[in-house]
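This report concerns only the one structure given below.
The values are calculated or read from the model by the stated rules, or taken from the named source; none is laboratory data. This structure is a prediction, so every number in the text was calculated from the model and none was measured. Cβ sites come from the backbone with ideal geometry, for glycine too, and all protein chains shown count toward neighbours.
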Amino acid sequence: MGRRARMVTTIGLALVLATGLGGCLYFPRSFQLTDGSGTEAQPWWCGGSPELSAAQCQNFSAILDVAIAEAQAHMTVADALADGLTPTAGAPAGVGYAMGTARASFVAGSPNVLLYESSAPGARLVGFAYAVTGAEPSGFDGDRDHWIAVGDPAVWWLPVWALRGYENQPDVFAASHPCLVGGGHVTATTDPCYVASHPEPFRFVVTNDDGIGAPGIDALVEGLYGLPNVVVDVVAPATNQSGTGDTVTPGGATGQPATTASGRPATAVAGTPGDSVNYALDQLHLVPDLVVSGINLGQNMNGIVALSGTVGAARVAARRAFPSIASSQGGLSLPVDFPTGVTATLDLVERYRLGLAGAPYMTVPNINIPTCAAGTTVRGTVETVVAPALNGRSYTTQNCASTVTVINDDVDAFNNGFIGITDVGLG
């Protein structure tokens, strides 16, 4: 089946804005990359031969955001079955399972087929597709989409690989995904099929509220540099800005070249953590796949969340539709166990890249890691909620020898030796 020129399918920016920025990713990034300020000529999902124009790319990116949000209403096969969706025969090769029915016409923002790893109830959503009857449809802008005819009379299929963990950067419209061939699936970012389908470097912006010379951000940056095929940009306050929350300086702040404690190149911003995020996006024109704020010296739980510059920076990024996480290490037992904090944060980063953390599960994940006493280690990781009140509990206890198993909130988790992950939202 050859590729053909397609008619422009316009959904309009108004539709994207009507959905709010929550969960959007492709349009904000494409806008920053294609308005002349970005560091790349075209994002991978708009590439091809020829590439989409800036206007076409932004249109397609907006459609992706709307379509992904619709698809993510059914994250597993069990979710699809519970809502009455039915198996659909004829899905393209390499796709374990599909839901939906063929339509008589192509509707860009509303995919009618959901693609899963397999038919098992817990199988996860990996992509979506359009299935259209009749003549070969006119699809998206440009000539990159290629429809696959299945059966007689033909049903025309167009798979789209744009969900985290199963993006296919060489070809978002590929007929199949290399990680699904032979019933396989993504288990790690080191899987050969993941490496093959993600050739583009993963880009981090790292910030904090303890200041650019702090040991926590230094440890985290060194950990991130140890990951393969990544770009790490460090943009953080020049001085300690703890307790500044999500405040920003009217008119912005200035920045200058600096280094981390280990000598990694960085930018020091004369302002708050929120200023640092805005400086990275607006002045340095960085386009991160993920903003990581931390590792903070000291836990950020309960009511401290609203005051935390570490959390505040992550929220500023998320409000601008750039995904983010915040990370804090228990700091009242010395020496502070930053190595455990780095491991926990990198584990969360890995889960994010695999599509198992972040949106749609959480808006802004906030991770708090205890520093355990000698001879003990963290007991595990729990997803919980921000404590509404201390209710007589200690804010500083880090008892990794505890045998308590009932965890009600982030304070319980921390006090009893667990790494706690909560969704602190946009604030």
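Quick notes on this structure:
- Looking across the range 193-208, the residues that are more than 30 Å from N278 (Cα to Cα) and either in the same structural domain as N240 (by TED's automatic domain parsing) or crowded, with 17+ Cβ neighbours inside 10 Å (or both) come down to C193, Y194, S197.
- Within the range 269-323, the set of residues being of a type in the set (A, V, I, L, M, F, W, C) and touching an Asp or Glu at 6+ places or on another chain (Cβ under 6 Å) comprises V269, L286, L297, M301, V316.
- Residues that are under 15 Å from W161 (Cα atoms), part of a loop (DSSP other than H, G, I, E, B) and at pLDDT 85 or above within the range 26-74 comprise P43, G47, Q72, listed in sequence order.
- Among (1) outside any strand (DSSP E or B); (2) of a type outside the set (K, R); (3) surrounded by fewer than 23 Cβ atoms within 10 Å (Cβ to Cβ); (4) touching a Ser or Thr at 6+ places or on another chain (Cβ under 9 Å), the one test that A321 misses: (4)
- Against the list (1) more than 17 Å from G211 (Cβ to Cβ); (2) part of a helix (DSSP H, G or I), the condition T310 fails is (1).
- Among the residues of the range 127-135, some residue qualifies, meaning at least one is touching a residue at least 40 places away in the same chain (Cβ under 8 Å) and under 23 Å from the mean Cα position of the chain (by Cα).
- Residue match in the range 350-360 (condition: of a type outside the set (F, W, Y), more than 27 Å from S197 (Cβ to Cβ), assigned to a loop (DSSP other than H, G, I, E, B) and touching a strand residue (DSSP E or B) at 6+ places or on another chain (Cβ under 9 Å)): no
- Members of the range 137-149 found to be surrounded by fewer than 21 Cβ atoms within 10 Å (Cβ to Cβ), at pLDDT below 90 and at negative phi, listed by number: S138, D143, H146
- When we screen G392, G427, G330 for residues that are touching an Asp or Glu at 6+ places or on another chain (Cβ under 7 Å) and either small (G, A, S) or within 30 Å of V126 (Cα to Cα) (or both), the only hit is G427.
- Among the residues making up the range 59-87, those that are free of Cβ contacts under 8 Å to residues at least 40 places away in the same chain, more than 16 Å from V126 (Cα to Cα) and out of contact with any His (no Cβ under 9 Å at 6 or more places or on another chain) are S61, G84, T86.
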